[in-house]
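Sharing a structure below in structure tokens format, with a few things to ask.
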Amino acid sequence: MALREGALRLNLLLNSRTFYKFNSSVGVRSLSDNVSSKPVTPSAPEIAGDHLIYTQEHFALKESLRKIIDQEINPHVEQWEAEGIFPAHKVFKTLGSAGFLGVNKPVEYGGLGLDYSYSVAVAEELGHIRCGGIPMAIGVQTDMTTPALARFGSAELKQEFLLPSIMGDKVACLGVSEVGAGSDVSSIMTKAVRKGDEYVINGGKMWTTNGTQADWICLLVNTSDGPPHRNKSLICVPMNLPGVQIARKIEKLGMWSSDTAEVFFDDVHVPCKNIIGQEGMGFTYQMLQFQEERLWAVANILTMMENVIQETIQYTRQRKIFKQPVLHHQSVHFRLAELQTEVELLRALLHSATALYIKGNDVTKLASMAKLKGGRLAREVGDSCLQFWGGMGFTSDVLVSRFYRDSRLMSIGGGADEVMLGIICKYMDTLPKK
Ligand SMILES: Cc1cc2nc3c(=O)[nH]c(=O)nc-3n(C[C@H](O)[C@H](O)[C@H](O)COP(=O)(O)OP(=O)(O)OC[C@H]3O[C@@H](n4cnc5c(N)ncnc54)[C@H](O)[C@@H]3O)c2cc1C
């Protein structure tokens, strides 16, 4: 029933020329003036009809999102990158009103109720934003902070935190990493001690994306002294509670338009009902949540890699050295062909992992492989393409240099390459037993 309603809502969205208008009752600036003169027609994909995971609805959804990106986001990217932050509430409201912050979330809470292939389609399209920071911040909201809440949270909790996050009324962030615990999530120190019908939280979180602007945090804490995989819980914590302090905004190599915070929790009192699912299951929930985070990140960076390769082709075609275009040197066009081939291989892996995931399979191994390959390939694409731009590639004016900086995070964040290798080895049964 929920799925049918979601599909109906999607149909309504895609068939309506006033697509962006549908939630104007909550005070959203109507974008329909900008787009209603042009019908929202499904794009003509190269492989229409028998795509492994995409239907015409997926392509139409992507096209609608592309309009928002081109009209509402990309014109401001330079300014937001320079300012080191983007207006998350404004951008999320625009995306939430149009249905893009909850495509696979339940319709009762404002989502479209569609399967995860639609989230992958959205993540791919968000790769057209001309920086890594804003897509990452959106992904944190849609696919890193809310999956466990949507799956295991109580109806009351979903009403309070999930619904407004899907509608774009609340900005969310994820508090897993700490100063002393990143790759080794099990060693986090932040504690929530039960007192009556409240938890009292003490500790600190590091690297919190959206952290300076967020309204709530999905916080991983220790709720007992038991074994590290059984003593953790995920709790929804409003960021305006007494004792929550934004210690600082972290300056970074890349992802400039995304704010990253260090956050402290000093005797923060939260109602026990704010726990997601069962106490002690937080580590398991977070590991499940990581699956979607990793698929999302790969989908997003695929498009960016493709755009960087395409822009490099355009630039090297017109730039002449030794009386011929840079592109005509065999080492250049062969290298670009090789990179494009690797991008296609990664896409095939992502799409087959997605196809298996939406059928209910555990795709931890494939998602980890895709994340590992995505990080490594992004570094190769960034480095090789930047080289072909010569001095221009070293300026701040071109996409390739921003991609070179931003994409470096892919091999570190959300589980470093070595963590992915460890997971793959576990599934291959090649990890030495302790
Ligand atoms: C811009 C940015 C945004 C982020 N956003 C968030 C967020 O919103 N929420 C959140 O919770 N976290 C976030 N993170 C944290 C991110 O997930 C961690 O940085 C990441 O998990 C790595 O942890 P660490 O930085 O503590 O590195 P460490 O754990 O100290 O690891 C350092 C290095 O050790 C190596 N290593 C790790 N494991 C192994 C191994 N088994 N064998 C050999 N070598 C190994 C890797 O090369 C790794 O890079 C963000 C980080 C950044 C930089």
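Considering only residues that are of a type in the set (A, V, I, L, M) and free of Cβ contacts under 8 Å to residues at least 12 places away in the same chain, which ones fall in the stretch 349-379?
356
For residues in the stretch 198-229 being acidic (Asp, Glu) and out of contact with any helix residue (DSSP H, G or I) (no Cβ under 7 Å at 6 or more places or on another chain), which is surrounded by the fewest Cβ atoms within 10 Å (Cβ to Cβ)?
Here the residue is 225.
Hey, another quick one. State which residue pairs qualify: first residue under 18 Å from residue 160 (Cα atoms) and inside the stretch 214-234, second residue of a type outside the set (A, V, I, L, M, F, W, C) and part of a loop (DSSP other than H, G, I, E, B) in any location, beta carbons under 6 Å apart, and separation of 6 or more residues or different chains.
Taking only residues 6 or more apart or on different chains, the pairs are 215/170; 218/145.
Can you name the residue in the stretch 125-164 that is of a type in the set (S, T, N, Q) and under 14 Å from the mean Cα position of the chain (by Cα) and is also nearest to the ligand (Cβ to nearest atom) among such residues?
The qualifying residue nearest to the ligand (Cβ to nearest atom) is 145.
Then there's this: Being among the charged types (D, E, K, R), buried (at least 20 other Cβ atoms within 10 Å of the Cβ), touching an Asp or Glu at 6+ places or on another chain (Cβ under 8 Å) and not assigned by TED's automatic domain parsing to the domain that holds residue 412 is the requirement here; does residue 232 meet it?
Spelling it out, it is not the case that residue 232 is among the charged types (D, E, K, R), buried (at least 20 other Cβ atoms within 10 Å of the Cβ), touching an Asp or Glu at 6+ places or on another chain (Cβ under 8 Å) and not assigned by TED's automatic domain parsing to the domain that holds residue 412.
Also, I was wondering about something else. Looking at the stretch 187-197, can you tell me whether even one residue there is within 14 Å of the ligand (Cβ to nearest atom), of a type in the set (Ser, Thr, Tyr) and under 30 Å from residue 401 (Cα atoms)?
no
While we're here: Exactly one of (1) within 13 Å of the ligand (Cβ to nearest atom); (2) in contact with a helix residue (DSSP H, G or I) (Cβ under 7 Å, 6 or more places away or on another chain) is unmet by residue 262. Its number?
So residue 262 meets the others, but not (2).
What number of residues within the stretch 73-91 satisfy the criterion of being farther than 13 Å from residue 255 by Cβ and of a type outside the set (Asp, Glu)?
Final tally of qualifying residues: 11.
May I pose another question? List the residue pairs whose Cβ atoms are under 8 Å apart, where the first residue sits in the stretch 67-82 and is in the same structural domain as residue 131 (by TED's automatic domain parsing) and at negative phi, the second is surrounded by fewer than 18 Cβ atoms within 10 Å (Cβ to Cβ) and in a helix (DSSP H, G or I), and the two are 6 or more positions apart or on different chains.
Sorted first by the residue in the stretch 67-82, then by its partner, the pairs are 67/34; 71/34.
Could you list, in sequence order, the residues of the stretch 389-434 that are among the aromatic types (Phe, Trp, Tyr), more than 16 Å from the ligand (Cβ to nearest atom) and crowded, with 17+ Cβ neighbours inside 10 Å?
Hit for the stretch 389-434 is 389, nothing else.
Within the group 352, 368, 331, which residue is surrounded by fewer than 15 Cβ atoms within 10 Å (Cβ to Cβ) and either part of a helix (DSSP H, G or I) or basic (Lys, Arg) (or both)?
After applying the criteria, what remains is 331.
Every residue in the stretch 258-303 that is surrounded by fewer than 24 Cβ atoms within 10 Å (Cβ to Cβ) and part of a loop (DSSP other than H, G, I, E, B), please.
Within the stretch 258-303, 277, 278, 279, 280 qualify.
The values are calculated or read from the model by the stated rules, or taken from the named source; none is laboratory data. Just so it is clear, the structure is predicted and the values come from calculations on it, not from any experiment. No Cβ is skipped: glycine too gets one built from the backbone with ideal geometry, and neighbour counts run over all protein chains shown.
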